1. Only one residue in GLU90, GLU32, GLU94, GLU71 is modelled with pLDDT under 95 and not small (Gly, Ala, Ser). Which one?
2. Give the residue, chosen from PRO555, PRO562, that is free of Cβ contacts under 8 Å to residues at least 12 places away in the same chain, within 32 Å of the chain's Cα centre (by Cα) and over 30 Å from GLU478 (Cβ atoms).
3. When the residues of the range 117-150 are filtered to those that are charged (D, E, K, R) and either part of a loop (DSSP other than H, G, I, E, B) or over 18 Å from the mean Cα position of the chain (by Cα) (or both), which remaining residue is surrounded by the most Cβ atoms within 10 Å (Cβ to Cβ)?
4. Taking the range 591-629, which residues are among the β-branched types (Val, Ile, Thr), surrounded by 23 or more Cβ atoms within 10 Å (Cβ to Cβ) and under 14 Å from PHE477 (Cα atoms)?
5. Grab the strands (runs of 3 or more DSSP E) fully contained in the range 364-457, keeping just those with 2 or more residues being farther than 21 Å from ALA492 by Cβ and touching a strand residue (DSSP E or B) at 6+ places or on another chain (Cβ under 8 Å).
6. Do you know which residues across the range 553-590 are of a type in the set (A, V, I, L, M, F, W, C), in a loop (DSSP other than H, G, I, E, B) and crowded, with 18+ Cβ neighbours inside 10 Å?
7. Quick test for you: out of GLY79, GLY110, GLY142, pick the one residue that is closer than 15 Å to GLU371 by Cα and among the small types (Gly, Ala, Ser).
8. I'd like to know if the range 68-75 contains one or more residues that are among the small types (Gly, Ala, Ser), part of a loop (DSSP other than H, G, I, E, B) and farther than 27 Å from GLY300 by Cβ.
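The values are calculated or read from the model by the stated rules, or taken from the named source; none is laboratory data. In this text the structure is predicted, and so the values were computed from the model without any measurement. Here the Cβ positions follow ideal geometry from the backbone for every residue, glycine too, while neighbour counts run over all protein chains shown.
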Amino acid sequence: MRFTFGLALAGVLSAANGLETQSQWPFRVPSESQRRIPSPSRPLQWGDFNVISTTDTHGWLLGHQHASFPEPNYSGTWGDYRAFVTHMKELAEEKDVDLLLVDSGDLHDGTGLSDGFPPGGVDAQDSNEFFKQMPYDVLAIGNHELYIYANTFDMHMNFAQHFKGRYLSSNVNITVFDANNQSISVPVGSATLSTFLASTVVAIADASAGRFRKFKTRKNRSVTAFGVIFDFTTNDVNTTVQRVEDMVREPWFLDAIAEEPDVFLLVGHMSIERDKSGRWPIVFNAIREVHPSTPILIFGGHLHIRDCLQLDGRSMSLASGRYMETLGWMSVDLDGGSTQNLNFSRRYLDANVVTYRYHTNRTEGTFSTTEGQNITQGLRALEERFGLTYQYGVAPQDYTMNRSPYPSNDSILTMVVEEAVPTVLALNTTRMGIPSILILNSGAQRFDIFKGPFTKNDQLTVVPFVNQYIYIPNVPFEAAMKVLPEMNRAGADRLWSGEVDPEESRQMRVWRQERQVQDGYAKWVGHMHRLYHERSNAADAEELTLGYVTADACPGVGDDTPHAPLPAYGVPDFIASRAPDVGGDPTTPIDLIFADFILGQVIRTLNEVQTARVYSLADAGVYSDVLSNEVLGLYAKVAWN
């Protein structure tokens, strides 16, 4: 089984499939689409203390580049964002208020900019160089920084060193070696290995470095900040994640919160929900036991949704979505130690130039900055260097994960399982001509495909997992047709059987973690869609562009720009290709093809739906040398040219 979050694939397809080395610039959002991007509905509400937040950027530093809505809503590049921050900082000085910048983690795994590095590279190492050019005040580690030790080590050695105490891992350690070649466990956000090599004593004495930050703002307000992650258990070897409830009992934590600041700033990679998946109330309550009325600002993430709630009247918790689609805005008027409710505001900003210009009072001619332009140009150069601009073909329409029902002509799942994979496998197998049926897990797709040029970057974005296609030959047609409904009845949680590969146990936990996020996002979008149509006149939506419509637990309207809500349809855990024509004979032997990721469940299910024979791992073989991450590119070359 191949299951990876560091997709070292640049050059692999061209070597394996004979693709030309030259590339084409990918499709950019045309100016007419940019003009159609709706403008924010009202100015931001500034306070004494203001924060811009990002989370779960996952490599989306060149913005969303397709013309189909809602993608243009999120078409701003990281360079555009840098220009926005520059102008917002200027506005903060003019207003004589504080403005901070925070990020809640998950910089890895999402687009070719982070994952398309050449063999021998490190995931997101190159794209993070542009992340470093943003003046963040506090950053927190995410779970995608912990799946692979090399990535965590790079964050410790390079990223944390650059931000010099601003990259926080309050409950996450990494194991490195000291000057005596002895292993030591230190916070990922702490000083780099070279510091520890200089003095083991310093490493032990400064064990809390990287766990919290105390600093003064431009307006001389004192801030105590932490960077926390949820109780994550699928981190790689030589990294450790402490439970949040244990962290708040640590002496260093109690010492850090003993002195009252003007503001507690909690930034971390965990949901802000009140249920068991959210751990912020644990940190919040530990602080409230010592400081009952100190303002607490919480910035979460991980679930990829826009969300807000208030744990009490002197705090606010905000989550800013995913994939650089949303900037979170929070402001508060501080009252110098009162116990009354504070005046908070929050806003979810669509990440595009129209939004940025509106809120900075800039025009097309006055918005760009030299630093922002250099960042965008550098990202384009990286895109070219990784070969991400290579165009396989032109998608004739949008194919979406949840916006269209499955099965349907607009469903990416229908297209993949009924068209793309069968077409590519038929051209790359010795079993051609033998009737077959293909079964895939629906969670193997991560993102939509949009009408227009389909590039290598799109392929890396849409398919995050690398799996092999295997098969069991000579399965009676009648038995093979019973496998899919039984697998869907049992559900994907039954995937792990413990009988395939000992390492697969961790890989399955990783998959489940990602599936929970994907399913949670889809359910949230569906819930927002239902609420909108329960509360609004559906005809009004016809005049709006598609986008996020957010209902949260905080007062007022959070969305900066009004949209019609994204529709969301449920999908089954497993999907299958069209049934082969066997002339009505249920005993006809066919090939049962599937991704190696679901090998254990397919075999167990096959043995449950028939009793003629007992199948085992020995019955399965490789159907094709083509891997899952190659299929869409190959299909586009065949069908979309």
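1. Sole residue among the options that is modelled with pLDDT under 95 and not small (Gly, Ala, Ser): GLU32.
2. Of the residues listed, the single one that is free of Cβ contacts under 8 Å to residues at least 12 places away in the same chain, within 32 Å of the chain's Cα centre (by Cα) and over 30 Å from GLU478 (Cβ atoms) is PRO555.
3. ASP123
4. Selection gives ILE593 alone.
5. Fully inside the range 364-457 and qualifying: 391-395, 452-455.
6. CYS554, LEU566, ALA568, VAL571 - these are the residues of the range 553-590 that are of a type in the set (A, V, I, L, M, F, W, C), in a loop (DSSP other than H, G, I, E, B) and crowded, with 18+ Cβ neighbours inside 10 Å.
7. When all the criteria are applied, what remains is GLY79.
8. yes
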